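Asker: Once you've had a glance at the structure underneath, I'll fire off some questions.
Here, each number is a calculation from the coordinates, and none is a lab measurement. These numbers were taken from a predicted model, which means no experiment stands behind them. Backbone-built Cβ (ideal geometry, glycine too); neighbour counts: all protein chains shown.
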Amino acid sequence: MEQLDRLRKLCLALPEATERDSHGEPTWFVRGKKTFVSFANHHHDDGRLAFWCPAAAGVQEELVRTESERFFRPPYVGHRGWLGVRLDVDVDWAEIDRIVRDAYRLVAPKSLAALVE
């Protein structure tokens, strides 16, 4: 699947990023511990092909309010500010790269986060 392959490439390009299945979906971790992206292939939500990731305070609410066709509040982790990002719509991969990097920086140790431009 092209979307998964492209997302995987972005995630694994980050320092000390690892991948393993979590809750039946490919998920990316910093140093094998902290999740920064979880793929969502129709398993946990309303039939969307997407990924979930942590977002800075207020980002989820703003994006869901202004661009609900591309962003959503994911189940289980949405109440903690995580962002759902649809991959079954017209995708701007440069934007996805920024979102993934922002998510990584939120959970990575400062020394690793500093390595990400």
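Asker: Dipole magnitude of the stretch 21-79 about its Cα centre, charges +1 at Lys/Arg Cβ and -1 at Asp/Glu Cβ only, in debye to the nearest 20?
Answerer: Result for the stretch 21-79 is approximately 300 debye, rounded to the nearest 20.
Asker: Using the Cα centre as the reference, give the magnitude of the dipole from point charges on the C-beta atoms of the stretch 33-117 (Lys, Arg: +1; Asp, Glu: -1; all else neutral), rounded to the nearest 20 debye.
Answerer: Computed about the Cα centre, the dipole is about 540 debye.
Asker: Extension gain ALA114-GLU25, at 0.36 nm per residue separation less the Cα-Cα distance, in nm?
Answerer: Fully extending the segment from ALA114 to GLU25 adds 29.2 nm.
Asker: Contour minus end-to-end for ASP5 and THR18, with contour as 0.36 nm per residue of separation and end-to-end as the Cα-Cα distance?
Answerer: Contour length minus the Cα-Cα distance gives 3.2 nm.
Asker: At 7 Å along Cα-to-Cβ for each site, give me the label-to-label distance between GLU69 and GLU95 in nm.
Answerer: 1.0
Asker: How long, wide and thick is the chain, going by the Cα atoms along their three principal axes, in whole angstroms, largest first?
Answerer: Principal-axis extents of the Cα atoms in the chain, largest first: 35, 30, 26 Å.
Asker: Same structure again: Whose amide H sits under 5 Å from the amide H of LEU87, counting only residues 5 or more places off or on another chain, with H placed in the peptide plane?
Answerer: LEU49, ALA50, PHE51
Asker: With an 8 Å Cα cut-off and a minimum separation of 6 or more residues, compute the relative contact order for the chain in percent. Kindly include the intermediate steps, with their values, before the conclusion.
Answerer: On the way: 181 pairs, mean separation 26.0, N = 117.
Relative contact order for the chain comes out at 22 percent.
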